[in-house]
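Before any comments, here is the structure.
The values are calculated or read from the model by the stated rules, or taken from the named source; none is laboratory data. As the structure is a prediction and not an experimental result, all values here were calculated from the model. FYI the Cβ positions are ideal-geometry reconstructions off the backbone, even for glycines, and counts take in every protein chain you see. Keep in mind that these areas ignore ligands, DNA and RNA; they rest on the heavy atoms of the full protein, side chains included. Shrake-Rupley method; radii C 1.70, N 1.55, O 1.52, S 1.80 Å.
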Amino acid sequence: MDEVVFGVLTASDRASSGEYEDRSGPAISEFLSTAVTNPFSLDRRVIPDEQSEIESALISMIEAGCAVIITTGGTGPAPRDITPEATETVCDKMLPGFGEQMRAISLRHVPTAVLSRQTAGIRGSTLILNLPGSPRSIRETIDEIWPAVPYCVDLIGGPYIETTEGPWAAWRPPHARRGSGIS
């Protein structure tokens with residue numbers, strides 16, 4: 001079974017200054033512990049909403065070998081919400097389908113989901129996902145988008161990510177599956 005390195009990046013002025021506890025990063029870590037069966041390690045960081053710092057952290061995490069980087073925070077319309085811009089700057093390709101789906105999921109829960117600018121992109125063999133900042137919203141969206149993540153990582157040359165049973169179970173076309181059971 002392939003070992004995987006995941007990056008979890010919280011972009012928040014208040015959490016990075018210690019004004020409040022980061023709950024979003026731990027929510028992502030908890031999801032990964034529930035959904036992924038591979039041995040994995042986490043590169044977790046909490047930084048301010050500064051575009052240059054987000055870009056630097058993303059590049060550093062990519063260079064550290066992260067197969068998937070999941071960001072949280074900074075996806076709204078407020079002036080300091082610049083995570084999507086930082087992501088777009090460091091990515092080779094954008095994957096707008098992820099953002100479209102995350103907004104569609106969130107719209108089932110809150111009408112303000114139309115304000116979200118969640119997105120995703122790739123740089124080299126790393127997938128970057130921008131999730132919202134609320135732990136509840138994170139779980140609502142990640143449970144439903146995760147089935148596409150392992151195959152995306154396969155297609156860009158990353159490790160083979162295996163999952164547990166659940167709504168987040170990996171989906172791959174038959175020719176791309178290893179062995180039997182959930183892949």
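Odds and ends about this structure:
- Residue check for Ile69: assigned to a helix (DSSP H, G or I) and in contact (Cβ under 8 Å) with a residue 12 or more places away in the chain: no
- Which listed residue is at pLDDT below 95 and either in contact with a strand residue (DSSP E or B) (Cβ under 8 Å, 6 or more places away or on another chain) or open to solvent by 20 Å² or more (accessible area, probe 1.4 Å) (or both), from Val149, Val68, Val110: Val110
- The range 71-83: number of residues that are of a type in the set (D, E, K, R) and either open to solvent by less than 50 Å² (accessible area, probe 1.4 Å) or at pLDDT 95 or above (or both): 1
- Breaking point among (1) touching a residue at least 24 places away in the same chain (Cβ under 8 Å); (2) within 25 Å of Glu144 (Cα to Cα), for Ser29: (1)
Here is a yes/no grid of residues against (1) within 15 Å of the chain's Cα centre (by Cα); (2) of a type in the set (Val, Ile, Thr); (3) farther than 19 Å from Trp168 by Cα:
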residue	(1), (2), (3)
Ser56	no, no, yes
Ile62	yes, yes, yes
Ile69	yes, yes, no
Thr75	yes, yes, yes
Thr83	yes, yes, yes
Glu88	yes, no, yes
Gly99	yes, no, no
Arg103	yes, no, no
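- Some residue of the range 84-97 being over 25 Å from Ala35 (Cβ atoms), modelled with pLDDT of 95 or more and either in a loop (DSSP other than H, G, I, E, B) or of a type in the set (Gly, Ala, Ser) (or both): yes
- Some residue of the range 142-153 being part of a loop (DSSP other than H, G, I, E, B), more than 25 Å from Arg23 (Cβ to Cβ), of a type in the set (Phe, Trp, Tyr) and free of Cβ contacts under 8 Å to residues at least 60 places away in the same chain: no
- The range 17-41: number of residues that are on the phi < 0 side of the Ramachandran plot and open to solvent by less than 70 Å² (accessible area, probe 1.4 Å): 17
- The residue pairs whose first member lies in the range 11-24 and is in a helix (DSSP H, G or I), whose second member is among the basic types (Lys, Arg), and whose beta carbons are closer than 6 Å, counting only pairs six or more residues apart or on different chains, do not exist in this structure.
- Ile105 in contact (Cβ under 8 Å) with a residue 60 or more places away in the chain, open to solvent by less than 10 Å² (accessible area, probe 1.4 Å) and of a type in the set (Val, Ile, Thr): no
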